[in-house]
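Below is one structure, written out as structure tokens; comments come after it.
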Amino acid sequence: MSVINQMLKDLDQRQSQSEPLPESTLSAASYLSERRGDSRRFINIGLISILIFIMIASYFFYQPTVQTAINNKAADNLQSISEPSSEKLANQTIDSYPAPILAVETNAITKEPPESLMTVRGDKKEVELQTQAATNILSVSNSSVAEKVEPASVIKSLAVVDVNIRTSQLYRAAQKSIESSDYEKALGELQKALSLDASLHKARILRYSLLLQTQQLTGLEEQLKISITNWPAVYQYRQLQARILSQKGQQQSAFDLLAANVPRLQPKVKASLEFHALLAYLAQQTSNDAMAIRQYQLLLQQQSSRSEWWLGLAVSKERLGEKSAALRAYRQSISRPGLAQNVQQYAKQRIKILQGY
């Protein structure tokens, strides 16, 4: 019996060792495991939410900046197309004198380039490239912007630049020919320059002066009349015409031509001493001594060493009975160089008469 009892005890002990853990112990372990899983999920969800927020914020932050940069770039490009630079505008001046007749006209850029751009001298391929570039400037893709861009900017064509260079060369060559007394050659060079550019006034004035100096007067007076009509503000044409009239003994006509009471036609004394000297002389010759005195006084303010102007002032002062002023002016005239011997003798005689000798 004891043996059987012992066997039963052993069996009971083995069964007790193989029995499962209490239910409360299993529940605690399961709870801890579930909490760990939930924590990991919450962390993952939090990280994903932060990343999504950063992406959305970046999108809204960078989009206006990029769009603004694009808009600014587009505005700059359009402004550079629609507003011509001051340098181009600076190259559009043709001549400082009013010129109703122009030998070469500048060409406005249009969508179809004018033929004059294709007929200049030089490399034809280079001209085609420049013409195409000028056309592309006005080819704006946005039609609404294209309507606002005024194709009114005018550039100086290559032909005008070439003409300016050539006329300058001819003018300098004419000056050298005059220095060497080859007047016929100089006249031919000046005529060539004028055939290229009819508004080259300095070439025409020099040509007229040379014709007057060499007394080739046939047709000169008629040419001067045309020039005076076309360019009334160019006072040198009236000055040359007045000299021709004076040589012909038409002093009053010459005086009237220079003394026109139109302010814009009267050049300033400082810039045109010879014009006012001729006007003073003609005023004295036509007994307009008050005007002659005024002109000589203005001239002497610019150059007080001119003896002939002092003499002219003295003559008009004496005519108006201003003997003291006339005496001073006569003395000034003989104290300065420039008078011919016979003119000096005349001035000295007038001084003696005015002094009462």
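Quantify how much of the Cα-Cα distance distribution of the stretch 304-357 extends past 16 Å, in percent.
Every Cα pair in the stretch 304-357 considered, those over 16 Å come to 29 percent.
Can you tell me the mean projection area, over all orientations, of the convex hull of the stretch 217-283's alpha carbons? Units nm², please.
Projected area, direction-averaged: 4.3 nm².
If you rank Lys225, Lys192 by fewest surrounding Cβ atoms within 10 Å, what's the result?
Ascending number of Cβ neighbours within 10 Å: Lys225, Lys192.
Which residue, chosen from Trp309, Gly356, Leu339, occupies the Cα position most advanced towards the positive end of the dipole of the stretch 304-357, where the dipole is computed from +1 (Lys, Arg) and -1 (Asp, Glu) charges on Cβ about the Cα centre?
Of the listed residues, the answer is Gly356.
Suppose each label sits 7 Å from its Cα in the direction of the beta carbon; what would the Arg166-Gln250 distance come out to in nanometres?
3.7
Would you calculate the separation in nanometres between label points at Gln216 and Ile45, each defined as 7 Å from the Cα along the Cα-to-beta-carbon direction?
Here the modelled spin labels are 10.9 nm apart.
Given a cut-off of under 8 Å on Cα pairs at least six residues apart, what relative contact order in percent is computed for the stretch 277-357?
24 percent.
In which sequence would Phe255, Phe53 go, from the one with the fewest C-beta neighbours within 10 Å to the one with the most?
Listed from fewest to most nearby Cβ atoms, that is Phe53, Phe255.
For the stretch 269-354, would you read off the P(r) tail past 22 Å as a percentage of all alpha carbon pairs?
For the stretch 269-354, the share of Cα pairs beyond 22 Å comes to 18 percent.
Read the figures in this text as sums done on the coordinates, not as results from a lab. Predicted model only: the values in this text are computed from it and were never measured. With ideal geometry, Cβ positions are generated from the backbone for all residues, glycine too; neighbour counts draw on all protein chains shown.
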